[in-house]
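The values are calculated or read from the model by the stated rules, or taken from the named source; none is laboratory data. Predicted model only: the values in this text are computed from it and were never measured. Methodologically, a virtual Cβ is constructed for each residue, glycine included, from the backbone with ideal geometry; neighbour enumeration extends over all protein chains shown.
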């Protein structure tokens, strides 16, 4: 079954018009100054991953982490400039508080095909709810020179716009205006389910169920520059900056099974209960430095909560999922999982300990 998006049109002229009507060009706030007009994001609705083979991906998500059941659709999208159509295969599932969207480009050119060819696939965008209304949010971004790469309407679900924010925020953001269901994606009957079909008797065999997305991790070259852009464009902050290294209590560090030392600078801010983490590698071998070299700045990982950290690591080892990088700090232990080939991107899990002493705060932004 092919689903064609309703009113899927090129957004640039529409949003440019809205920007002129609602206030024209706006100056970017000076570093450290309050944002002139905040788009505070309250909810993470969905994470989207571009994959070369959707069927293999849904099977891996279900087998390893029990994510599913998946509803699968084939969808017609507008091409570049809204002239030539293209198609993608989509799969949707939910775990706890957030939805998962897997995207396999099929025929024609679109932003997902470009991402697959340039980056090899992976973590493509996050879908957020702005506090201000949808049209005002589009105008807010337009005044800052940010326009949708792709936009349209899911009948029965809502309107969406995938924004060209990668240059400024090192992440593509999608905003969503719900109508009936409030869940992004088509509401028509799927062409397939995996496992098929869902029923009350369907239970995942996985011993590691992902309960909740706690954190979105973004690798950057400069935390100072990135914090400024997130504050100026999204009003996201305040940010708390820490440096983690052996001298500040980072221990038991490994990279691909080998003990080593490394250091990184982290900046953290929240939208509701979800943490945004900016990561700047400083020294030593890290998967962050590898990511910068291979893919450049961008969305790197999702930190998911699991019920039992040690049990999760044992189960994942049985499934052939190793640990890319790990360590222990005052507030707990963490492990980045080798899930790029099977799931399309890296998942981090962790184990909290009783409150410990964090490294001293290097800086706050805004000050």
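Screening residue 322 on (1) over 24 Å from the mean Cα position of the chain (by Cα); (2) modelled with pLDDT of 95 or more shows it passes everything except condition (1). Being under 16 Å from the mean Cα position of the chain (by Cα) and in a strand (DSSP E or B) is the filter here, so list the residues in region 268-284 that pass it. Listed by number, the residues that qualify are 268, 269, 270, 271, 274, 275, 276, 277, 278, 279. Does residue 91 satisfy the condition of being at pLDDT 90 or above, within 24 Å of residue 177 (Cβ to Cβ) and outside the structural domain of residue 272 (by TED's automatic domain parsing)? Taking the combined requirement at face value, the residue satisfies it.
Can we say residue 242 is closer than 16 Å to residue 334 by Cα, touching a strand residue (DSSP E or B) at 6+ places or on another chain (Cβ under 6 Å), touching a residue at least 24 places away in the same chain (Cβ under 8 Å) and in a strand (DSSP E or B)? No, not satisfied.
Restricting to region 256-267, and then to whatever is without any contact (Cβ under 8 Å) to a residue 24 or more places away in the chain and assigned to a strand (DSSP E or B), can you tell me which residue is nearest to residue 46 (Cα to Cα)? Out of the qualifying residues, it is 263. The single condition among (1) surrounded by fewer than 21 Cβ atoms within 10 Å (Cβ to Cβ); (2) touching a strand residue (DSSP E or B) at 6+ places or on another chain (Cβ under 6 Å) that residue 308 does not meet is (2). Quick one: count up the residues across region 139-167 that are under 23 Å from residue 226 (Cβ atoms) and in contact with a helix residue (DSSP H, G or I) (Cβ under 9 Å, 6 or more places away or on another chain). Going through region 139-167 one residue at a time, the tally reaches 15.
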